[in-house]
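J.: Below you will find the structure I want to go over with you.
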Amino acid sequence: MSYRVVTVLGVAHRERLGVVQAYRFALDLTPRQERAVLAHAGAARVAHNWALARVKAVMDQRAAERTYGIDEVDLTPTQGWSLPALRRAWNQAKSDVAPWWAECSKEAFNTGLDALARGLKNWSDSRTGKRAGRRVGFPRFKSRRRSTPSVRFTTGAIRVEPDRRHVVLPRLGRLKLHESARKLARRLEAGTARIVSATVRRDGGRWYVAFCVDVDRAARTPHQPQLVVGVDLGVKHLAVLSTGELEPNPRYLDAAARRMRRLARRVCRRVGPDRRTGRRASKRWERARARLGRAHARVAHLRRDGLHKLTTRLAREYGTIVVEDLNVAGMLANRRLARRIADAGFAELRRHLAYKAGWNGGRLVVADRWYPSSKTCSGCGAVKTKLALSERTYTCTTCGLVLDRDVNAARNLAALAAAVAGSGSETRNGRGADRKTPLAGLVAVKRQPGTAKAGNTGTVPPQGRTSDHELTYAS
Ligand SMILES: [Zn+2]
């Protein structure tokens, strides 16, 4: 094998599966409720910013004191970065900082302090190399204009009302849902789910409540455990399968995307804010931007819906699903809108498939990013040196195979899975951290020895040496 499989996500066989799952529902808030939620989100921001300022002040103070030659023991005491430490500091200071603190649930302040504690931890882990992936910056102050209003409740009365159209949250009371919460309510009533937390946040001009739920799922097996399917994500189609199926884009997606582009042009024509001259945005610009935000949200929803339906179907049907690894460098380089949306969708598709394969007892195989799935002939295994993006049909000069380009690529991915004999046992997520959620013992096989470390993938150079590779498939 010239190309390696990066990851195999398989499943250990068990009777039941404990997973952490999110259920998100749109809310219909009254103006009064909206003000209450915004007040709580504001309280979260105040606590976050106060604690961040304090952490910074203590750090600066200690640094200054060191330059005066003060002994380590005599320095200003450190401010702990853990959530309990930040909470203690906040509780001592809140009467001075926020005399109105009693008007909001303590969960609001906790939301902000928790976000800060995580931000600080991520920053320090990233700096010391404990956290993989892109460098994490030091936490920044949250602004009322820029940050998304959000508040999370972890204690108190959190429940779905028996009518399934309302939820009850601490302090905010009874909130009307825009849709039925029956999927969650059924599980709660059956006793196979327990709500861990509820987060209210605004997204694309609309309010949502997201429940984080501990779910006890029945273990399943795919309908066709021995079948393998390769999935390639397209721009024109949502996805192309190795079976030759072209999964169409969700209905209305194209229309919604057109509308989004039109509204973006409208925003450009109007008078926006300018930081250099201090110009404030016009009312008409604000309005146009709000509409653009909603259009963006709609496109994202349509796409996500399509992806969910596709990934659920694949995970229920096939025992093994093969996808390609993400081309992160390529994603950053290509600035075209359609391509970017497809790339973002690809990340989501892979994430969906990873957990849904786990739920359904199947496995997900992620092929090396440099595996030439498009350039290889799925019939005879010959590899072309060049294949322009405009060539939509693959024509093999060796064996005469003529096939749709994407179907050919998907077939190569499926064939790759046959060569995989999944073994090994290491469970990690993309950031190098251990998984907290017991996703049914997802087994990730690390790269073979002699390959690059995480974050520096690419065992085969992207260019050159493409024509002399031969793929041999194990049967
Ligand atoms: Zn061929």
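J.: If we scan region 351-360, do we find a residue that is open to solvent by 20 Å² or more (accessible area, probe 1.4 Å), within 15 Å of Ala239 (Cβ to Cβ) and at pLDDT 80 or above?
T.: yes
J.: With the structure loaded, tell me whether Ser105 is in contact with a helix residue (DSSP H, G or I) (Cβ under 8 Å, 6 or more places away or on another chain) and open to solvent by 60 Å² or more (accessible area, probe 1.4 Å) or whether it fails that test.
T.: No.
J.: Tell me whether region 176-197 contains one or more residues that are touching a residue at least 24 places away in the same chain (Cβ under 8 Å), within 20 Å of Thr30 (Cα to Cα) and crowded, with 18+ Cβ neighbours inside 10 Å.
T.: yes
J.: When you go through Arg164, Arg171, Arg220 one by one, which is the residue that is of a type in the set (D, E, K, R) and touching a His at 6+ places or on another chain (Cβ under 9 Å)?
T.: Result of the check over Arg164, Arg171, Arg220: Arg171.
J.: Mind checking which residues of region 353-401 are among the aliphatic types (A, V, I, L, M) and within 10 Å of the ligand (Cβ to nearest atom)?
T.: Correct list: Ala382, Val383, Leu401.
J.: Under 19 Å from Gly42 (Cβ atoms), loosely packed, with under 14 Cβ neighbours inside 10 Å and at pLDDT below 95: does that describe Arg135?
T.: no
J.: Quick one: would you say Thr277 is hydroxyl-bearing (Ser, Thr, Tyr) and touching a helix residue (DSSP H, G or I) at 6+ places or on another chain (Cβ under 9 Å)?
T.: The answer is no for Thr277.
J.: Here's a follow-up. Mind checking which pairs have a first residue in region 208-229 that is under 30 Å from Ala41 (Cα atoms) and a second that is not in a strand (DSSP E or B), Cβ under 7 Å, 6 or more apart or different chains?
T.: That search, which allows pairs on different chains as well, returns Phe211/Leu184; Val213/Leu184; Val215/Arg187; Val215/Thr192.
J.: For Leu86, all conditions in the list (1) surrounded by 13 or more Cβ atoms within 10 Å (Cβ to Cβ); (2) free of Cβ contacts under 8 Å to residues at least 24 places away in the same chain hold save one; what is the number of the exception?
T.: Against the list (1) surrounded by 13 or more Cβ atoms within 10 Å (Cβ to Cβ); (2) free of Cβ contacts under 8 Å to residues at least 24 places away in the same chain, Leu86 comes up short only on (2).
J.: Related question: From Glu179, Glu189, which residue is over 22 Å from Leu302 (Cα atoms) and out of contact with any Asp or Glu (no Cβ under 8 Å at 6 or more places or on another chain)?
T.: Being over 22 Å from Leu302 (Cα atoms) and out of contact with any Asp or Glu (no Cβ under 8 Å at 6 or more places or on another chain) holds for just one of Glu179, Glu189, which is Glu189.
J.: I'd like to check which strands (runs of 3 or more DSSP E) are fully inside region 214-332 and have at least 2 residues that are open to solvent by 40 Å² or more (accessible area, probe 1.4 Å) and on the phi < 0 side of the Ramachandran plot.
T.: Hits in region 214-332: 224-233.
J.: Kindly indicate whether Leu403 is under 17 Å from Asp232 (Cβ atoms) and either at pLDDT 85 or above or part of a strand (DSSP E or B) (or both). Full working, then the answer.
T.: Details: under 17 Å from Asp232 (Cβ atoms): yes; either at pLDDT 85 or above or part of a strand (DSSP E or B) (or both): yes.
Spelling it out, Leu403 is indeed under 17 Å from Asp232 (Cβ atoms) and either at pLDDT 85 or above or part of a strand (DSSP E or B) (or both).
J.: Quick one: count up the residues across region 30-45 that are in contact with a helix residue (DSSP H, G or I) (Cβ under 8 Å, 6 or more places away or on another chain), buried (at least 21 other Cβ atoms within 10 Å of the Cβ) and not basic (Lys, Arg).
T.: 4
J.: Here's something else I'd like to know. Yes or no: region 92-110 includes at least one residue that is among the acidic types (Asp, Glu) and under 16 Å from Val55 (Cβ atoms).
T.: The initial filter retains those residues of region 92-110 that are among the acidic types (Asp, Glu), namely 96, 103, 107.
Then drop every residue that is not under 16 Å from Val55 (Cβ atoms), which leaves none.
No - not one qualifying residue is present in region 92-110.
The values are calculated or read from the model by the stated rules, or taken from the named source; none is laboratory data. What you see is a predicted model, and the numbers here were worked out from it, not measured in a lab. So basically every Cβ, Gly included, is an ideal-geometry build from the backbone, and we count neighbours across all protein chains shown. When the accessible area is computed, the model is the full protein with side chains, heavy atoms only, and any ligands, DNA or RNA have been set aside. Shrake-Rupley method; radii C 1.70, N 1.55, O 1.52, S 1.80 Å.
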